[in-house]
Amino acid sequence: MTGEEWSRQGISFVEEGNYKEGIKCFRKAAALGDALGICNLGWCMERGAGTEADEKQAFWLYSQAAELGYVPGICNLASCYENGIGTECSQEKAVKLYLEAAECGYPRACRLLSACLEDGRGTEKNEEQAFYWMSRAAKGGDVEAVTELGRFCEFGIGREESLEEAVACYRLAASQGDAFGQCRLAWCCEAGQGIAQSWEQAFYWYTQAAGQGNPRAMTGLYVCLREGLGTEKNEALALEYLTKAAELSYGPARWSLGCTYYFGECGQKQDYSQARKLFLQAAKSGIMEACFYLGWMYWDGTGVEKDYSQAVYWHKKGADLGDRYSMFYLGMACIMGLGIKKDIKNGEDWFLKAGKEGVRSAYYMLAYLQAVQEKPGKEKAIYQYLEKASQEDKREFKWVLEDFRDRPEDFEIIMEGLAEKMKEGRGKEKLIKILTGLI
């Protein structure tokens, strides 16, 4: 048999799941100098398929295949440099090799080169070029690239935003069985983005993706089944999907599962200890909501001993990730000196950030701080903050009142006084109406 014939036979064994026989064939093909056999042997070595994993040996084999001009070998060698597999990490070498393989028309290399250009890894960030190479990959039949091209269209990366074109890409990828494409299409159906809103279609595509082990889709199914959206309500099955997604280390699922323990939802018995454990796991993977809940647990002493230092620690992490309520409570901590050195200016800065993110209570706090400080022209600032604050409903203001119930200053009277000092007009009427319903 020729080297190519041994390689083809090895591929047949691997497709059947018989890696041990497959690697035997690849070894014989490699011994005969067949580039495909050499590259596939490297693949087995890298993943430990049919043999003990040996990344250095995999890197060497990919190098041999690349020297023979085998394009997939060049791409795999680039991946080794990008991810430090069997060699020192070098993003620059990775990009150079991806480009070499991409220029030969290899779709996978086009997709991976696009990712480097989008993020600016090993090369200058260039979203237009990233879009170009992702388009090349998609046209070359790389189904993952089709989904990624949809993402480029959805968020306007390297081109104008087009939700309709994004949906077309997701639909194509989904029809070809790509779990990520199915999940993205499900979300578009859920949100009515670029397509008519349909919970039934969202549920269908989440189910398809979840069947392939996609944890994001499992989390989407949790929402559908818990609320009875697009399907019959089934909290037990909802919790089963969510638990499975959390077990796959999917951060949002861990946070949501933590919430079921925190609030005692979806048939769960309330368990703050288990909630905290899951929030910690989610927070470590960058879920800002989990950081907020940890901060709140320590702030309020829920399930843990009250510890403002720990509250500030987690709210700071949440705020850095963009959580607006963490920003608000950092402001509270700063002006009250809880878990952090008292610093009115720093508190005002956090309230401003929270307010810009939509937390109207933050503007009430800014108005309050203006009222209790001696500042020239503060009446104008007070009026402006109250105008912004009184545009929303009264739920967030209730939280502010609760947090200040133990303060020596009479916050309610101060706010009533500020309302009376406001100029006549819509802002005053709205604020007095809110205060009348609360105080």
Residue ranges of helices (runs of 4 or more DSSP H) in segment 318-395 with at least 1 members among the basic types (K, R): 324-336, 344-356, 378-389
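Looking only at residues that are outside any helix (DSSP H, G or I) and at pLDDT below 95 in segment 286-302, which one is farthest from G339 (Cα to Cα)?
T302
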Unmet requirement for K306, which otherwise passes all of (1) part of a helix (DSSP H, G or I); (2) closer than 29 Å to Q274 by Cβ; (3) of a type outside the set (A, V, I, L, M, F, W, C); (4) without any contact (Cβ under 8 Å) to a residue 24 or more places away in the chain: (1)
Qualifying residue in segment 355-378 (condition: of a type in the set (D, E, K, R), modelled with pLDDT under 90 and either under 15 Å from V312 (Cα atoms) or surrounded by 14 or more Cβ atoms within 10 Å (Cβ to Cβ) (or both)): yes
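Residues are listed down the side, and each one gets a yes or a no for (1) more than 26 Å from the chain's Cα centre (by Cα); (2) over 26 Å from E4 (Cβ atoms):
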{"site": "L61", "(1), (2)": "yes, no"}
{"site": "C80", "(1), (2)": "no, no"}
{"site": "Q91", "(1), (2)": "no, yes"}
{"site": "R108", "(1), (2)": "no, no"}
{"site": "G122", "(1), (2)": "no, yes"}
Residue within segment 7-20 that is more than 27 Å from L112 (Cα to Cα) and acidic (D, E) present: yes
Within segment 158-170, considering residues that are over 23 Å from N126 (Cα atoms) and in contact with a helix residue (DSSP H, G or I) (Cβ under 6 Å, 6 or more places away or on another chain), the one surrounded by the fewest Cβ atoms within 10 Å (Cβ to Cβ): V167
Test: residue in segment 150-171 that is touching a residue at least 12 places away in the same chain (Cβ under 8 Å), of a type in the set (G, A, S) and touching a Lys or Arg at 6+ places or on another chain (Cβ under 9 Å): yes
Test: F59 is surrounded by 17 or more Cβ atoms within 10 Å (Cβ to Cβ), in contact with a Gly (Cβ under 8 Å, 6 or more places away or on another chain) and over 26 Å from R27 (Cβ atoms): no
Qualifying helices (runs of 4 or more DSSP H) (wholly inside segment 32-99; at least 3 residues being of a type outside the set (D, E, K, R) and closer than 16 Å to Y19 by Cα): 35-47
Residue in segment 28-44 that is farthest from M1 (Cα to Cα), counting only those that are under 38 Å from the mean Cα position of the chain (by Cα) and aliphatic (A, V, I, L, M): L41
Near pairs, Cβ below 7 angstrom, 6+ apart or cross-chain, from segment 348-375 (farther than 11 Å from M332 by Cα and without any contact (Cβ under 8 Å) to a residue 24 or more places away in the chain) to any residue that is β-branched (V, I, T) and part of a helix (DSSP H, G or I): Q370/I382
Lone qualifier among L280, L338, L321 - being farther than 26 Å from L257 by Cβ and either under 20 Å from the mean Cα position of the chain (by Cα) or surrounded by fewer than 23 Cβ atoms within 10 Å (Cβ to Cβ) (or both): L338
Sole exception among (1) within 30 Å of the chain's Cα centre (by Cα); (2) touching a residue at least 12 places away in the same chain (Cβ under 8 Å); (3) farther than 21 Å from A130 by Cα; (4) surrounded by fewer than 17 Cβ atoms within 10 Å (Cβ to Cβ) for L68, by number: (1)
Tally of residues being of a type in the set (D, E, K, R), assigned to a loop (DSSP other than H, G, I, E, B) and out of contact with any Lys or Arg (no Cβ under 8 Å at 6 or more places or on another chain) across segment 202-260: 1
Selected residue [within 22 Å of A174 (Cα to Cα), surrounded by fewer than 19 Cβ atoms within 10 Å (Cβ to Cβ) and out of contact with any Asp or Glu (no Cβ under 9 Å at 6 or more places or on another chain)] from G228, G211: G211
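The values are calculated or read from the model by the stated rules, or taken from the named source; none is laboratory data. All of these numbers come straight from a predicted model, not from anything done at the bench. For neighbour counting, all protein chains shown are included, and Cβ atoms are generated from backbone atoms with ideal geometry for every residue, glycine included.
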